[in-house]
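Report on the following structure.
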Amino acid sequence: MSDAPVLLITGASRGIGAATAKLAATRGFDVAVNYLRDETAANAVAGVVRQAGRRALAVQGDMGKEADIARMFESVDKELGRMTHFVYNAGITGKGSRVEAAEPAMMRNVIDVNVLGALVCVRAAIPRISKKHGGRGGAMVLISSGAATLGGAGEYVWYAATKGAIDSMTFGLSKELAEDGIRVNAVAPGPIDTDIHPPGRLERVMPMIPLGRPGTPDEVAEAIVFLLSDASSFTTGAILRVGGGR
């Protein structure tokens with residue numbers, strides 16, 4: 001087995017997750033690429049990781065399902081060895097509307113993936129990474145959103161609430177896991193040019209971005225990999241906003 005750090009990224013077949021996987025490979029990480037549906041895209045990301053000279057694994061799993069999460073972690077154990085780093089990037093918004101028009105089942109699904117999925121994954125990652133459990137120690141990065149403080153009014157209040165939960169998790173876990181040798185931080189992207197946005201949304205919010213443009217997945221990936229790396233060795237419990245000033 002390799003001595004390289006082993007990183008699992010959820011929702012890594014496209015967008016921010018894919019950019020993070022590719023960048024992490026150039027910084028020396030072996031990478032497990034989780035995906036929900038697009039196996040072809042996930043395999044392509046894994047291929048880029050291998051081209052960088054690192055080991056890679058594409059592993060399917062729905063982060064709203066506990067059985068899928070358990071299977072995903074077991075696959076990483078078997079194929080890449082004991083993990084050292086984790087990024088919870090999987091997230092969904094649901095259909096945008098005011099709250100009174102939102103279906104409870106849709107909101108429940110967003111909460112299951114964005115909040116409970118994160119907690120269940122962290123629960124599985126801790127004994128693998130923790131020095132108290134015989135691991136090497138390492139770092140976790142949870143993906144929040146600028147929506148956590150902006151609120152998502154008129155569009156995605158429930159989504160914003162799930163990202164507020166991610167912020168709370170980051171604060172709590174950073175304290176709880178410090179003695180385990182695990183740093184926990186979050187990155188809160190603003191409007192980023194990915195397909196999570198419905199058509200026309202980025203153009204509509206552009207005037208609200210002080211830097212005058214949406215961000216790119218690569219710009220967010222740089223922040224994530226920084227927080228995973230030893231360059232941030234005294235940073236834990238931080239929420240790094242990558243939002244162009246918004």
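The values are calculated or read from the model by the stated rules, or taken from the named source; none is laboratory data. Just so we're clear, the structure is a prediction, and the values are computed from it rather than from any experiment. Cβ sites come from the backbone with ideal geometry, for glycine too, and all protein chains shown count toward neighbours.
For ALA67, the criteria (1) part of a loop (DSSP other than H, G, I, E, B); (2) free of Cβ contacts under 8 Å to residues at least 12 places away in the same chain; (3) of a type in the set (A, V, I, L, M, F, W, C) hold in every case but one, which is (1). Might you check whether a residue that is of a type in the set (Ser, Thr, Tyr), modelled with pLDDT of 95 or more, part of a helix (DSSP H, G or I) and crowded, with 21+ Cβ neighbours inside 10 Å occurs anywhere in region 9-22? Yes, region 9-22 has at least one match. Under the condition of being part of a loop (DSSP other than H, G, I, E, B) and of a type in the set (Ser, Thr, Tyr), the residues counted in region 142-160 number 3. Taking first residues from region 224-236 that are crowded, with 18+ Cβ neighbours inside 10 Å and partners that are assigned to a loop (DSSP other than H, G, I, E, B), the Cβ contacts under 6 Å between residues at least 6 apart in sequence or on separate chains come to VAL225/ARG27. Scanning region 161-194 for residues that are in a loop (DSSP other than H, G, I, E, B) and in contact with a strand residue (DSSP E or B) (Cβ under 8 Å, 6 or more places away or on another chain) yields LEU177, GLY181, GLY190, PRO191, ASP193. Picking from residues in region 23-61 that are among the polar types (S, T, N, Q) and not in a helix (DSSP H, G or I), the one that is surrounded by the most Cβ atoms within 10 Å (Cβ to Cβ) is ASN34.
Looking at region 10-24, can you tell me whether even one residue there is over 16 Å from PHE86 (Cα atoms), free of Cβ contacts under 8 Å to residues at least 24 places away in the same chain and not basic (Lys, Arg)? The answer is no, given that none of the residues of region 10-24 is over 16 Å from PHE86 (Cα atoms), free of Cβ contacts under 8 Å to residues at least 24 places away in the same chain and not basic (Lys, Arg). Listed by first and then second residue, the pairs with beta-carbon distance under 6 Å, at least 6 apart or on different chains, first residue in region 153-164 and at negative phi and in contact (Cβ under 8 Å) with a residue 40 or more places away in the chain, second crowded, with 18+ Cβ neighbours inside 10 Å and not in a helix (DSSP H, G or I), are TYR156/THR93; TYR159/THR93; TYR159/GLY152; LYS163/SER144; LYS163/SER145. Consider region 70-91 and keep the residues that are touching a residue at least 60 places away in the same chain (Cβ under 8 Å) and either of a type in the set (D, E, K, R) or within 25 Å of MET107 (Cβ to Cβ) (or both). The one that is surrounded by the fewest Cβ atoms within 10 Å (Cβ to Cβ) is ARG82.
As a summary of the residue check, ARG128 satisfies the conditions (1) assigned to a helix (DSSP H, G or I); (2) free of Cβ contacts under 8 Å to residues at least 12 places away in the same chain; (3) among the basic types (Lys, Arg) except for the one numbered (2).
One line per residue, one yes/no per condition, for (1) surrounded by 15 or more Cβ atoms within 10 Å (Cβ to Cβ); (2) β-branched (Val, Ile, Thr):
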{"residue": "CYS121", "(1), (2)": "yes, no"}
{"residue": "ILE126", "(1), (2)": "yes, yes"}
{"residue": "LYS132", "(1), (2)": "no, no"}
{"residue": "GLY138", "(1), (2)": "yes, no"}
{"residue": "ALA147", "(1), (2)": "yes, no"}
{"residue": "ALA153", "(1), (2)": "no, no"}
{"residue": "TYR159", "(1), (2)": "yes, no"}
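Residues being in a helix (DSSP H, G or I), at pLDDT 95 or above and exposed (fewer than 15 other Cβ atoms within 10 Å of the Cβ) are entirely absent from region 195-217.
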